[in-house]
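Every number here is computed from the coordinates shown, using simple stated rules; none is lab data. Quantities reported herein were computed from a predicted structural model and do not represent experimental measurements. Positions of Cβ are generated from backbone atoms using ideal geometry, with glycine treated the same way; all protein chains shown enter the neighbour counts.
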Amino acid sequence: MYYLGIDIGSLTCDAVLIDDSEKILASSVVPTGARNREAITRAADEVLRSACISEKEVTATVSTGYGRKRVEGRLTAVTEITCHARGIKALLPGTRLLIDIGGQDSKAIELDENGQVVDFAMNDKCAAGTGRFLEAMARALQVDIEVMSELDNGARGDLTISSMCTVFAESEVVSLIAEGLKVNEIVHGLNRSIASRTLSLIKRIIPDIAGFPIAMSGGVARNSGVVRAISNAMKSKVVIPPMPDTIGALGAALIARERYSHN
Amino acid sequence: MITAGIDLGSLSTKVLILEDDDILSTSILTTEEEGALVAKKAMDEAIKKAHISFEELKNIVSTGYGRRLVPFAKESKSEMLCHAKGSHWLFPKARTIIDVGAESSKAIRINEGGAVEDFAGNDKCAAGTGVFLDTMAKALEVPLEEIGQLSLEHKGKAQISSMCAVFAESEVVSHIHKGIPRNDILAGIHESIADRIFGMLNRIGMKNDVVMTGGVAKNIGMVRALEEKLGTKIYVSEYPQMIGALGAALIARNSK
C-alpha cells in the first residue's frame, strides 16, 4: 500500500510518496505557478513515475499548504503546522523547535517530547523574513538566489540592514552597493536581518530557547548563509533534515497512512 | 522678513522661500545624491527663482527624514510639526491632516491654534505609502501620474487583501492574469490604501476639516477614495508636496 502527501505552497507544490513501512519512495518539488491544479498533477505524476507506481495503487492522499482544498480525491486536508510537526518527528525525532521558512511565510513551531504541537507563531502578513524577501534582495544584488546562499561564506562585519520592509530594504541594498560595500558583506547583513526577524518570531512562543533541539525546514533551509545566521543569533545548532522543502508533504503522507489504517 | 523652509524627504527635496505672507519661490529636486548636496542645489534654485541672495534669508528651518543633513539650516523640526503649521496656515479650519509621502504616511490631529494634539504614522513599511502605489503602477505598467485618474474610471472593484507591498504586487499580477480590467484593479489598490489610512485616523480620532498633504495628495484617485471612505471632503492645496517646507519657513519666520 502507498500513501501520498501533497503540500501546495505559494511558490512550490511538493509531493512525497511513502509505503506501508513509512519508507520514502520518492519526492518532488515543482513551481506552483498560476494554476494550482496543474502543479498538483505535475508534482504527483513526478513521484509516481519515479517510484514506478500507478495512480490507482495509491491507497490514500492527504493534502496540506495554503492550496490544500484544491486537491481532488484526497482523504482529508490537514494544516501545515500539523504536517510539519509530523514530518520532522519522522526525520529528526526529539526536535522541540521547528523553524519553517517558505516562499511567503515563516513559522516557529514548538513541539513536546512526543513531537506534538505545543504552540506556534506565524508571519504571513508581510514578506519580511520570508523567501520572498531573499528573492527580492537577490534581484537587487543581481545575483542568483542559489548563489546567494554561498555568498556570505567567511564574511564578517556587522553591517545591519535597518529596514524590515522588503521594499525599503531593496532601496537600502541599492544604496549600499552605490556606497561601494562588498556583495558578500551585504548578503551577510541580509542574512542577519532574517535571523533577527526569525528570532523575534520564536520569542513570541519560547522566551528562552537554551537547550532546545532545533530543526529548520522550508526552501530557505537550503540557504546555508541564512541557517548559519539563525544559529549564531540563537547561539544554538540548527539541524537541517534531508530535503527540507518536503517536510510538510512527508508529514501529510504519514498522516495519510495513519488515518487510513484507523478507519 | 524673508525666511526659507527645506524639506529633505526620502524621494524629493523641497525648498520654499517666504516673505511675510507671500511665497516668493519653490523648488523640488529628486533626492538622488547625498543629502547635503541635494539640499544646496534645491536651495540655490529657489534663491535664483526668488531673485534674492542667500544672505537675505533671515532664518532657515529644515524638516523631513534628512533634516539633520542640511548644513545651512539654523534649526530642524519634525515633519509632523511642519505639516501641521503649513496646513493650518493654508486652511485655518483644518483639524486633521493626512500626509502621505514616498516612504511614510501619517495622520495628525491639530487644535484651533494649529498645535498638534495627536498623531499616528507608519514609516517602517511600504504599506499605505507612495512607494506602495509606485510598485503597483509598475506591476500594471501604467505611469504613476495616470493611476489616480484611471482608478476613477472603474466598473467593478478588485479586492486587494494584502497590506504588504510585495504580496499585494503578486495579487495584482494574478488579477491581471485573470483578465480583471486595469481600472478595476487600480480602484481596488486605492481603496486598500484608503482602508489603511482610515485605520490610522481611527486611532487619533478624525475631526473636520480634513487636509491632505504630501506627494500622494496629487493623486486624484487617492483623494476621492479617501473622501468616499471617510464620508467627508478633503482639502488639498495646489502644491501638497510643499506643505512641509512651507511649515518650516513659517516656523523660521515666527522664531526670528
Query raised in the report: Points 7 angstrom from Cα along the Cβ direction at B:Lys49 and A:Asn114: gap in nanometres?
Result: 7.3
**Report entry** Residues A:Cys13, A:Cys165 arranged by fewest to most Cβ contacts within 10 Å
**Finding:** A:Cys165, A:Cys13
Report summary line: Of the listed links A:Lys182/A:Lys235; B:Lys14/B:Lys138; B:Lys93/B:Lys207; A:Lys56/A:Lys89, those spanning more than 18 angstrom between alpha carbons are A:Lys182/A:Lys235; B:Lys14/B:Lys138; A:Lys56/A:Lys89
Report summary line: Rounded to whole Å, √(5λ) for the Cα gyration tensor eigenvalues of the protein assembly as shown, largest first, gives 52, 25, 19
Requested in this report: Just grab the label-to-label distance for B:Glu34 and B:Met1, each label 7 Å out from Cα along the Cβ direction, in nm (one decimal).
Outcome: 3.3
Query - Debye intensity ratio I(q)/I(0), log10, chain A, q values 0.09, 0.10, 0.11 Å⁻¹ (C-alpha model) - result: -0.41, -0.50, -0.60
Requested in this report: Could you work out, residue by residue across B:193-203, how many beta carbons of other chains sit within 10 Å of that residue's beta carbon, and then give the average as an integer?
Outcome: 0
**Report entry** the stretch A:93-240, dipole about Cα centre (Lys/Arg Cβ +1, Asp/Glu Cβ -1), debye to the nearest 20
**Finding:** 200
**Report entry** Cα long-axis angle, helix B:182-204 against chain B (0 to 90 degrees, to the nearest 10)
**Finding:** 60
Query raised in the report: Looking only at Cα atoms, what is the convex hull volume of the stretch B:74-218 per residue, in Å³?
Result: 121
Report summary line: Reduced to Cα centres, the span from the stretch A:4-43 to the stretch A:72-142 in Å works out to 16
Query raised in the report: Of A:Ala221, A:Ala252, A:Ala51, which is the most mobile in a GNM of chain A whose springs link Cα atoms less than 10 angstrom apart?
Result: A:Ala51
Query raised in the report: Once every DSSP H run of n ≥ 4 in the protein assembly as shown is given -39500 (n - 2.57) and the sum is divided by its residues, what mean residue ellipticity at 222 nm do you get, rounded to the nearest 500 deg cm²/dmol?
Result: -12500 deg cm²/dmol
Query raised in the report: Can you give the % of DSSP beta bridges in the stretch A:93-240 that are antiparallel, to the nearest 5?
Result: 65
Query raised in the report: Hey, in the protein assembly as shown, which Cys have no second cysteine's beta-carbon closer than 4.7 Å?
Result: A:Cys13, A:Cys52, A:Cys83, B:Cys82
Query raised in the report: Excluding same-chain residues fewer than 8 positions from B:Lys49, which aspartates and glutamates have a Cα within less than 19 Å of its Cα?
Result: B:Asp7, B:Glu19, B:Asp20, B:Asp21, B:Asp22, B:Glu238
